[in-house]
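J.: Structure below; questions to follow.
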């Protein structure tokens, strides 16, 4: 059977399916659903086999736990036939839309206890389903004007849409006016300023465009600068990748992969140079606050040069 991810993620009971295929084009949502499934199986004391291959061995040799096989690649027909050998096992497969995904879909449609979760950006109907459920679960009261404003203006990508809805909870339980929502969106836009750092591996033209578009005031500049300092502090105080990942803010899960890529490209010499430049930039801006745009952009491009060198 097939089920929409926005419905699947709101199921209150434990997952009863043994064969789960996550597919579609919204990779952020696919990763979110995958984590949701794995967490459910872990809570039921399953061993999670992340090897990416089914070797014929059932899970860990040193445990009697049931196993969830997490697969992300099926490279040939033999692999598809192999799914028949897994009838008594639990499988989670994640595949971007394409021929491989279509082949697995055909196989799953004929299996008992199998489900296909297709992850795409939400249409208006999907956004409305999520919004109604969110209002119900959180006892929110919103006016009809606010209701339709959310459907028209909030993100269509499920994960980012949920983040926007959760921002409502930071405001108040009763929201009557569109101006209230606009304030919340403004707060979220400020949060986005702290994410500019994660575009660091793009070319200079792209970085310049993002910086000019995002940094509109001295306040914006300091949000941007302080966010970079906080990420660099995590890097400088973490002795390995796992510790850095644990310290990284959980609400920035979509940026975690880039953050770890930055972590791996850094060393003490680079950190020393960057912190020295940060101090210099702060000193210049204290004396000449009107130069925040020019100085900030120059620092950002220099930062990219140091990180990738």
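J.: At 0.36 nm per residue, and after removing the present C-alpha to C-alpha distance, how many nm does the segment from residue 137 to residue 273 gain when stretched out fully?
T.: Separation in residues times 0.36 nm, less the Cα-Cα distance, equals 44.1 nm.
J.: What number, rounded to the nearest 500 deg cm²/dmol, is the helix-based mean residue ellipticity at 222 nm of the chain, given -39500 (n - 2.57) per DSSP H run of at least four residues and division by all its residues?
T.: Calculated mean residue ellipticity at 222 nm is -17500 deg cm²/dmol.
J.: Measuring from label point to label point, each 7 Å out along Cα→Cβ, what is the residue 123 to residue 46 span in nm?
T.: 3.0
J.: Next question, about the same structure. Pop a pseudo-label 7 angstrom from the Cα along the beta-carbon direction at both residue 145 and residue 66 and give the gap in nm to one decimal.
T.: 5.2
J.: Return the distance in nm (one decimal) between the two label points of a simple spin-label model at residue 213 and residue 282, each offset 7 Å from Cα along Cα→Cβ.
T.: According to this spin-label approximation, the distance is 3.0 nm.
J.: Let me ask something additional. Sort the chain into rounded, prolate or oblate with this rule: let a ≥ b ≥ c be the square roots of the eigenvalues of the Cα gyration tensor; rounded if a/c is under 1.5, and if a/c is not under 1.5, prolate when a/b is larger than b/c, oblate otherwise.
T.: The shape class here is oblate.
J.: Sort 23, 208 so that the residue with the fewest other Cβ atoms within 10 Å of its own Cβ comes first and the one with the most comes last.
T.: 208, 23
J.: Can you tell me the FRET efficiency between residue 173 and residue 113 if r is taken as the Cβ-Cβ distance and R0 is 35 Å, rounded to the nearest 0.05?
T.: For residue 173 and residue 113, the calculated efficiency is 0.30.
J.: Indicate the gyration tensor shape class of the range 196-308 (rounded, prolate or oblate), computed on the Cα atoms with a ≥ b ≥ c the square roots of the eigenvalues: a/c under 1.5 is rounded; otherwise a/b larger than b/c is prolate and the rest oblate.
T.: prolate
J.: Let me ask something additional. Fully extended, how many nm does the chain gain between residue 28 and residue 247 (0.36 nm per residue separation, minus their Cα-Cα distance)?
T.: Gain in length upon complete extension: 76.7 nm.
J.: For helix 178-193, what angle does its Cα long axis make with the longest principal axis of the chain, in degrees from 0 to 90 and rounded to 10?
T.: Roughly 80 degrees between the two axes.
J.: Okay, next question. Between residue 102 and residue 36, what's the calculated FRET efficiency when r is the beta-carbon distance and R0 is 35 Å? Round to 0.05.
T.: The pair residue 102/residue 36 has a calculated efficiency of 0.90.
J.: Test of understanding: extend the Cα→C-beta vector of residue 261 to 7 Å, then name every residue of the range 201-232 with backbone N under 19 Å from that spot.
T.: Answer for the range 201-232: 201-211, 228, 231-232.
Every read-out reported here was derived from the displayed coordinates using simple, explicitly stated rules and does not represent laboratory data. Please read all numbers here as calculations on a predicted model, not as lab measurements. Note: ideal-geometry Cβ built from the backbone for every residue, glycine included; neighbour counts use all protein chains shown.
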